[in-house]
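Engineer: A single structure is presented below for examination.
The values are calculated or read from the model by the stated rules, or taken from the named source; none is laboratory data. Every value quoted in this text rests on a predicted model; they were computed, and no experiment measured them. Here Cβ is always computed from backbone atoms with ideal geometry, including for glycine, and neighbour counts include all displayed protein chains. Heads up: the accessible areas ignore ligands, DNA and RNA and are worked out on the full protein's heavy atoms, side chains in. Shrake-Rupley method; radii C 1.70, N 1.55, O 1.52, S 1.80 Å.
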Amino acid sequence: MRVLGIETSCDETGVAIYDGTLGLMSHALYSQAHIHAEYGGVVPEIASRDHVRKLLPLLDECLQSANCRRDEIDGVAYTAGPGLIGALLVGAAAGRAIAQALNVPAVAVHHMEGHLLAPLLEPDPPEFPFVALLVSGGHSMLVEVRKIGEYRVLGETLDDAAGEAFDKTAKLLGLGYPGGPVLARAAETGDPDKFRFPRPMTDRPGLEFSFSGLKTHTRNLWHKHGEEANARADIAAGFQKAVVETMVIKCRRAMQQTRCQQLVIAGGVGANLQLRETLSAAGRKYGWSVSYPRIEFCTDNGAMIALAGYYRLLAGETEAPIIRARPRWPLDELMTKADWA
Ligand code: KG4
Ligand code: ZN
């Protein structure tokens with residue numbers, strides 16, 4: 001089975017073709033980040049309009065580089081949520097229309113399930129069951145994955161998502177947008193131990209996260225020490241270390257609680273090299289296998305949506321031909337098909 005995947009939940013337009021036998025045949029990605037950068041964050045209406053502009057050219061590019069004819073597509077998968085409603089509707093409407101025109105089924109994919117399954121695109125994929133640390137711009141959670149479609153959320157953030165914390169902190173330090181990569185770059189020349197940062201929610205049991213306190217702590221440090229030499233890099237490095245170490249502590253707890261041996265890191269913050277290196281070291285120390293998608297499949301992309309859609313279509317999932325998008329969509333509700341009936 002060959003599936004066309006479409007991702008338009010935020011500020012990246014992604015298209016991909018995944019084939020059950022041949023694997024990922026092609027993928028194309030266009031990031032709007034430079035357009036939103038001047039506003040310091042994603043402007044939803046601009047995002048929707050830009051998806052309209054870019055989606056079909058990317059689709060043609062993808063078909064061409066896969067050397068795939070339209071009539072060789074067996075199904076269409078599109079991100080139906082969570083995300084920005086206008087942006088989601090562009091992908092949902094296009095996905096449904098293409099499926100209708102090709103007379104093939106279409107399936108609505110949960111964006112976080114896409115992130116969760118992205119490591120399966122790699123040559124040495126993780127084995128089930130595993131614990132996934134899902135850290136993106138909109139979500140931070142630990143999920144126990146028994147098999148595809150069977151997800152138990154172990155803990156979530158009580159306030160900001162990890163990526164959101166990176167974005168807001170970078171903005172505060174005058175580093176620009178998107179915050180994750182620019183803050184990580186600034187941290188390279190900083191001393192992570194120059195300033196003391198808390199490790200939120202680690203002094204009590206549980207798998208919840210909270211990042212808003214770190215942001216406030218950063219603001220106070222910046223106001224107090226902003227004029228000092230190398231303050232920006234030192235604060236960025238201290239912030240990044242605090243986020244990474246907090247995640248390592250929570251991952252270790254989740255691994256102990258579930259008795260899993262396999263950890264998967266996914267979502268945009270999973271592109272953070274410090275996080276990847278530190279969790280790999282923890283894996284070696286505690287005897288877990290640690291898997292990540294390649295960097296470009298940590299952040300939003302069409303390949304993970306094509307893959308998740310492939311598994312859903314393979315399992316025989318069908319839906320009424322309606323265009324629907326859910327800006328909020330708890331991962332736990334994924335199995336409740338009643339929503340789509
Ligand atoms: O998964 P993603 O592309 O979109 C959402 O589903 O939200 O994640 C985007 C988030 C942004 O907040 C961005 O700042 C963060 O991932 N990010 C990073 C890095 N690259 C992207 N955070 C930390 N370090 C990075 N290298
Ligand atoms: Zn995402």
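Engineer: Please determine, in degrees from 0 to 90 and to the nearest 10, the orientation of helix 212-225 with respect to the longest principal axis defined by the Cα atoms of the chain, where the helix direction is its Cα long axis.
Structural biologist: With rounding to tens, the tilt is 50 degrees.
Engineer: Write down the percent of antiparallel bridges among all DSSP beta bridges whose residues are both part of segment 127-292, to the nearest 5.
Structural biologist: Just about 60 percent of them are antiparallel.
Engineer: Ok, one more. Counting trypsin sites (Lys or Arg not before Pro) as exposed when in a DSSP loop with at most 10 other beta carbons within 10 Å, what is the longest stretch of the chain free of them?
Structural biologist: Between the exposed loop sites, the longest stretch runs 70-195.
Engineer: For segment 127-292, give the percent of accessible area contributed by carbon and sulfur heavy atoms, probe 1.4 Å, rounded to a whole number.
Structural biologist: 47
Engineer: Same structure again: Can you list the chymotrypsin sites (Phe, Trp or Tyr not before Pro) in segment 1-46 that are in a DSSP coil and have 16 or fewer other beta carbons within 10 angstrom?
Structural biologist: Within segment 1-46, the qualifying chymotrypsin sites (Phe, Trp or Tyr not before Pro) (loop, at most 16 other Cβ atoms within 10 Å) are Tyr39.
Engineer: How big, on average over all directions, is the shadow cast by the Cα convex hull of segment 277-317, in nm²?
Structural biologist: 4.1
Engineer: Next up: For the chain, what relative contact order do you get, as a whole percent, if you take Cα pairs closer than 8 Å and at least 6 residues apart? Present the calculation step by step, with values, prior to reporting the outcome.
Structural biologist: Details: 744 pairs, mean separation 84.1, N = 341.
That works out to 25 percent.
Engineer: Under Stokes-Einstein, with the Kirkwood radius over Cα pairs standing in for Rh, what whole-number D in µm²/s applies to the chain at 10 °C and 1.306 mPa s?
Structural biologist: Numbers: Rh = 20.4 Å.
Value of D from the Cα-based Kirkwood radius: 78 µm²/s.
Engineer: To continue, here is another question. Where does segment 248-341 land on Rg(C-alpha)/(2.2 N^0.38 Å)?
Structural biologist: 1.36
Engineer: For segment 1-95, which GluC sites (Glu not before Pro) pass both filters: DSSP loop (anything but H, G, I, E, B) and at most 13 other C-beta atoms within 10 Å?
Structural biologist: Listed in order of number, the matching sites are Glu38.
Engineer: For segment 190-243, state which GluC sites (Glu not before Pro) are in a DSSP loop and have at most 15 other beta carbons lying within 10 Å of their beta carbon. Let's see the in-between values first.
Structural biologist: Values: sites: Glu208, Glu227, Glu228; in loops: Glu208, Glu227, Glu228.
Hits after loop and neighbour filter: Glu227, Glu228.
Engineer: Which distance in Å, rounded to a whole number, links the C-alpha centroids of segment 266-299 and segment 168-209?
Structural biologist: Answer, in whole Å: 17.
Engineer: Taking the chain as the reference, fit the longest principal axis to its C-alpha atoms, fit the long axis of helix 273-286 to the helix C-alpha atoms, and give the angle between the two in degrees, 0 to 90, nearest 10.
Structural biologist: 80
Engineer: Further question on the same structure: Using only DSSP helix segments of four residues or longer, with each worth -39500 (n - 2.57), what per-residue ellipticity at 222 nm results for the chain after dividing by its residue count and rounding to 500?
Structural biologist: -13500 deg cm²/dmol
Engineer: If you don't mind, another one. Accessible area per residue, 1.4 Å probe, Å², for the chain: what's the number?
Structural biologist: Result: 43 Å² per residue.
Engineer: Using Cα atoms only, what is the angle between the long axis of helix 231-258 and the major principal axis of the chain, expressed in degrees (0 to 90) to the nearest 10?
Structural biologist: The two axes meet at around 60 degrees.
Engineer: Hey, another quick one. With a Cα-only, solvent-free Debye model of segment 127-292, what are the log10 I(q)/I(0) values at q = 0.18 Å⁻¹?
Structural biologist: -1.05
Engineer: What's the long-distance tail for segment 59-168, i.e. % of Cα pairs beyond 17 Å?
Structural biologist: When every Cα pair of segment 59-168 is considered, 66 percent fall beyond 17 Å.
Engineer: Something else about it: Can you compute the charge dipole magnitude of segment 167-262 about its Cα centre, using +1 on each Lys and Arg Cβ and -1 on each Asp and Glu Cβ, nothing else charged? Give it in debye, rounded to the nearest 20.
Structural biologist: Roughly 360 debye for segment 167-262.
Engineer: Roughly what % antiparallel, to the nearest 5, for the DSSP beta bridges in the chain?
Structural biologist: In the chain, approximately 60 percent of DSSP beta bridges are antiparallel ones.
Engineer: Sticking with this structure for a sec: Determine, at each q value in 0.23 (inverse angstroms), the log₁₀ of I(q)/I(0) that the Debye formula gives when each Cα of segment 222-265 is one equal point scatterer.
Structural biologist: -0.76
Engineer: Another question, then. Can you tally the net charge around Leu56? Count Lys and Arg as +1, Asp and Glu as -1, for every other residue whose Cβ sits under 13 Å from the Cβ of Leu56.
Structural biologist: Details: positive: Arg53, Lys54, Arg70; negative: Asp50, Asp60, Glu61.
Taking every Cβ under 13 Å from that of Leu56, the sum is 0.
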